[in-house]
Amino acid sequence: MGQSLVQLYIHAVWSTKHRQPFLRHVARRTRLFAYMPGICTNHHSPAILIGGTEDHCHLLIRLDKTIELSRLICEIKKEASRWAKTELLLS
């Protein structure tokens with residue numbers, strides 16, 4: 001039997017804590033959105049497109065078949081939040 005090919009594309013959307021406009025400044029958004037593809041790549045799920053506004057993020061990713069979606073989203077949010085708190089000085 002031949003090898004199976006799986007390509008799942010996920011459009012994930014999440015808001016900032018209490019929908020606060022932490023990403024109001026374009027420079028902050030740009031830096032955060034530039035950091036997030038690395039997180040996705042580290043989990044073998046490349047980012048196709050990242051965007052958003054001052055209070056939420058959109059992420060289009062190709063989900064790797066070896067990771068659960070909930071775990072991937074949790075890791076992306078956790079690592080992006082940690083990075084933003086230290087690099088962008090968000091509270």
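The values are calculated or read from the model by the stated rules, or taken from the named source; none is laboratory data. If you're wondering where the values come from, they're calculated on a predicted model, not measured in any experiment. Cβ: placed from backbone, ideal geometry, glycine included. Neighbour counts: every protein chain shown. Note: areas computed on protein heavy atoms with side chains; ligands, DNA, RNA excluded. Shrake-Rupley method; radii C 1.70, N 1.55, O 1.52, S 1.80 Å.
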- Rounded to the nearest 0.05, FRET efficiency between LYS85 and LEU49 (Cβ-Cβ, R0 30 Å) equals 0.80
- For helix 69-87, report the angle its Cα long axis makes with the longest principal axis of the Cα atoms of the chain; keep it between 0 and 90° and round to the nearest 10°. 30 degrees
- Message: Leaving out ligands, DNA and RNA, and with a 1.4 Å probe, what % of the accessible surface on the chain is carbon or sulfur?
- Response: 55 percent
- Most to least packed among 20-26, 64-70 [average Cβ atoms within 10 Å]: 20-26, 64-70
- Taking +1 at the Cβ of each Lys and Arg and -1 at the Cβ of each Asp and Glu, which of THR53, PHE22, ILE10 sits farthest along the dipole of the chain towards its positive end, judged by Cα position relative to the Cα centre? PHE22
- Task: Normalise the Debye intensity by I(0) for the chain, one equal point scatterer per Cα, no solvent, then take log10 at q = 0.20, 0.23 Å⁻¹ and round to two decimals.
- Result: -0.92, -1.18
- Message: If each residue of separation counts as 0.36 nm, what is the full-extension length gain between LYS65 and HIS11 once their alpha-carbon separation is subtracted?
- Response: 17.8 nm
- Counting helices only, and only those DSSP H runs with n ≥ 4, report the 222 nm mean residue ellipticity of the chain as the sum of -39,500 (n - 2.57) divided by its residues, in deg cm²/dmol to the nearest 500. -13500 deg cm²/dmol
- Query: What is the sum of charges around TRP83, taking Lys and Arg as +1, Asp and Glu as -1, for the other residues whose C-beta is under 14 Å from the C-beta of TRP83?
  - Reply: +4
- In a Gaussian network model over the chain where Cα atoms closer than 10 Å are linked, find which of LEU59, LEU49, LEU72 has the largest mean-square fluctuation. LEU49
- Message: With every protein chain kept in place and ligands, DNA and RNA left out, what is the accessible area per residue of segment 1-44? Probe 1.4 Å, answer in Å².
- Response: 77 Å²
- Calculated diffusion of segment 1-47, Stokes-Einstein form, Kirkwood radius summed over Cα pairs, 10 °C and 1.306 mPa s, µm²/s: 119 µm²/s
- Task: Taking amide H positions as placed in the peptide plane 1.01 Å from N, state which residues far from ILE48 in sequence (5 or more) or on other chains have amide H under 5 Å from it.
- Result: LEU60, ILE61, ARG62
- Stretchable slack from LYS77 to GLN20, in nm (0.36 nm times residue separation minus alpha-carbon distance): 19.0 nm
